[in-house]
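Chemist: Here it is, the structure in full.
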Amino acid sequence: MKKEVITLKDIVRNYRVGTETVRALRKVSLNIYQGEFVALMGPSGSGKSTLMNILGCLDTPTSGEYWLNSHDVSKLDDSSLAEIRNREIGFVFQTFNLLPRSSALENVMLPQIYAGIPKQARIERAREVLLDVKLEDRMDHKPNELSGGQRQRVAVARALVNKPSIILADEPTGNLDSKTSHEIMGLIEHIHKSGNTIILVTHEEDIAKHAHRIVRLKDGEIASDEMNDDIRTVSFYENEN
């Protein structure tokens, strides 16, 4: 039986906007297992972004429990959450979030600095993951010297560098053309096959079809949670000579 890496129990997240209370999440319960590839979908206002922020330890719930790898993280302070994020979760964002004056190698090394890893070990591990995303000839290039797809591959390498248990990809193809989106989804599939748990946040049906399970949110609640019987696949290495 596969291990639960994420357990949400009756998660509620309320926000105060002026005198109003916005109920962003309404008693959401969800289990995600080791090695799963799950897509979170929902229209604007569905609670999808709020749920992503809680899963990524970027926010805490108003009430309910969040267990991440058997640790209750729902009531941790900011510094403890930051430590958990750096150790357990690799983030891939729509806007890449790369440091503009740093090389690809330096960007990928950054999470390791926070983890206190020695410099030579940081360099070796960063080179390893950049090689895995096929950027061995772009390691010294800065973001403005890279294409959108290459920048996203740097971001993916950065997400992988600390060997996290979970990769959280927030609209990872949102700023890319269809051909490059196809390439990045192939890379995410490759990472999943290597054993990582993937949580993909998207509003695009064709992107969600790459996941093995699709969770749909509506009005702060889970509207459906179903296995995907029509999985779309693409090899990241299919065009490699």
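The values are calculated or read from the model by the stated rules, or taken from the named source; none is laboratory data. Quantities reported herein were computed from a predicted structural model and do not represent experimental measurements. Cβ coordinates were reconstructed from backbone atoms using ideal geometry, including for glycine residues, and neighbour counts include every protein chain displayed.
Chemist: Restricting to region 132-154, name every residue that is in contact with a helix residue (DSSP H, G or I) (Cβ under 8 Å, 6 or more places away or on another chain), over 14 Å from F236 (Cα atoms) and either of a type in the set (A, V, I, L, M) or in a helix (DSSP H, G or I) (or both).
Modeler: Listed by number, the residues that qualify are M139, P143, L146, G148, R151, V154.
Chemist: Which residue pairs have Cβ atoms closer than 7 Å, lie 6 or more positions apart in sequence or on different chains, and pair a first residue in region 25-54 that is in a loop (DSSP other than H, G, I, E, B) with a second residue that is among the aliphatic types (A, V, I, L, M) and modelled with pLDDT of 95 or more?
Modeler: Q34/V5; G42/L217; S46/L217; G47/A24; G47/L25; G47/L217
Chemist: Same structure again: Tell me the residue from S165, S178 that is loosely packed, with under 15 Cβ neighbours inside 10 Å and among the small types (G, A, S), please. I'd like the intermediate steps shown before the answer.
Modeler: On the way: S165 fails: loosely packed, with under 15 Cβ neighbours inside 10 Å.
Going through S165, S178 in turn, the sole match is S178.
Chemist: Also: Being among the polar types (S, T, N, Q) and either assigned to a loop (DSSP other than H, G, I, E, B) or within 19 Å of I166 (Cβ to Cβ) (or both), is that true of even one residue in region 119-126?
Modeler: First, pick out the residues of region 119-126 that are among the polar types (S, T, N, Q): 120.
Remaining after also requiring either assigned to a loop (DSSP other than H, G, I, E, B) or within 19 Å of I166 (Cβ to Cβ) (or both): none.
Checked against the condition, which is being among the polar types (S, T, N, Q) and either assigned to a loop (DSSP other than H, G, I, E, B) or within 19 Å of I166 (Cβ to Cβ) (or both), region 119-126 yields no hits at all.
Chemist: Filter region 179-201 down to residues that are within 12 Å of the chain's Cα centre (by Cα) and without any contact (Cβ under 8 Å) to a residue 24 or more places away in the chain, then give me how many there are.
Modeler: Residues meeting the conditions: 0.
Chemist: Taking region 1-20, which residues are surrounded by fewer than 15 Cβ atoms within 10 Å (Cβ to Cβ), aliphatic (A, V, I, L, M) and part of a strand (DSSP E or B)?
Modeler: Within region 1-20, V17 is the sole residue that qualifies.
Chemist: Can you list the strands (runs of 3 or more DSSP E) lying wholly within region 188-241 that have 3 or more residues being touching a helix residue (DSSP H, G or I) at 6+ places or on another chain (Cβ under 7 Å), β-branched (V, I, T) and closer than 30 Å to V12 by Cβ? Even if it seems obvious, please write down each step before you answer.
Modeler: On the way: elements: 197-201, 213-218, 221-227.
Result: 197-201.
Chemist: Among G220, G149, which is touching a residue at least 24 places away in the same chain (Cβ under 8 Å), farther than 24 Å from N86 by Cβ and surrounded by fewer than 22 Cβ atoms within 10 Å (Cβ to Cβ)? Explain how you work it out, then say what you get.
Modeler: Values: G220 fails: surrounded by fewer than 22 Cβ atoms within 10 Å (Cβ to Cβ).
Within the list G220, G149, the selection yields G149.
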